[in-house]
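Structure, as structure tokens:
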Amino acid sequence: MPRSERSPLLLAGLLATAGVAHFAAPRRFDETVPRALPGTPRTWTYASGAAELALAAGLALPRTRKAAALATAAFFVGVFPANVKMAVDWRHRPAPQRAAALGRLPLQIPLVLWARSVAKNAEGRA
């Protein structure tokens, strides 16, 4: 399978794994929900997990791939404040945890670009 055909499936796999993790271990995600959001952190954890699963399904299907990829790029931008909150909250944790939290911040850029690339490569396909 060519790389261009694997890419959306790999991105779908990443999102599906993250989506399942939101339901399997919600407490660690609850901690990253910005306090400014209305409702409970658990509601946002489950909603974002469900969104990741829906995006994964959309990416897996060629007919919905372009729209799902664009929505995935927007999703990655939308969850950035949670990553910032995590970095701030973890600033006093041991170095490996601080590094992981800080590393998530610039990681959003290649994730957004990956999703946009999947959308671009899906153009013109049935």
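The values are calculated or read from the model by the stated rules, or taken from the named source; none is laboratory data. Computed from a predicted model, the values in this text were never measured in an experiment. Note: ideal-geometry Cβ built from the backbone for every residue, glycine included; neighbour counts use all protein chains shown. The accessibility values were calculated without ligands, DNA or RNA, using every heavy atom of the protein model including side chains. Shrake-Rupley method; radii C 1.70, N 1.55, O 1.52, S 1.80 Å.
Annotations
The rows are residues; the columns are (1) small (G, A, S); (2) modelled with pLDDT under 95.
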| site | (1), (2) |
| --- | --- |
| F76 | no, no |
| M86 | no, yes |
| D89 | no, yes |
| P96 | no, yes |
| A101 | yes, yes |
| L105 | no, yes |
| Q108 | no, yes |
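- Any hit, the range 51-62, residues being closer than 30 Å to E5 by Cα, among the charged types (D, E, K, R) and modelled with pLDDT of 95 or more: yes
- Matching residues in the range 2-31 - criterion: being of a type in the set (K, R) and within 16 Å of the chain's Cα centre (by Cα): R28
- Identity of the residue in the range 52-85, of a type in the set (V, I, T) and assigned to a helix (DSSP H, G or I), that ends up farthest from N121 (Cα to Cα): V84
- Listed by first and then second residue, the pairs with beta-carbon distance under 6 Å, at least 6 apart or on different chains, first residue in the range 89-100 and closer than 17 Å to F29 by Cα and open to solvent by 80 Å² or more (accessible area, probe 1.4 Å), second assigned to a loop (DSSP other than H, G, I, E, B) and not acidic (D, E), are R98/W90.
- Pair list, Cβ < 8 Å and 6+ apart or interchain, from the range 46-64 residues that are open to solvent by 50 Å² or more (accessible area, probe 1.4 Å) to residues that are modelled with pLDDT under 95: P62/A122; P62/R125; P62/A126; R63/A126
- Enumeration of residues in the range 1-31 that are within 24 Å of R116 (Cβ to Cβ), surrounded by 12 or more Cβ atoms within 10 Å (Cβ to Cβ) and at pLDDT below 95: S7
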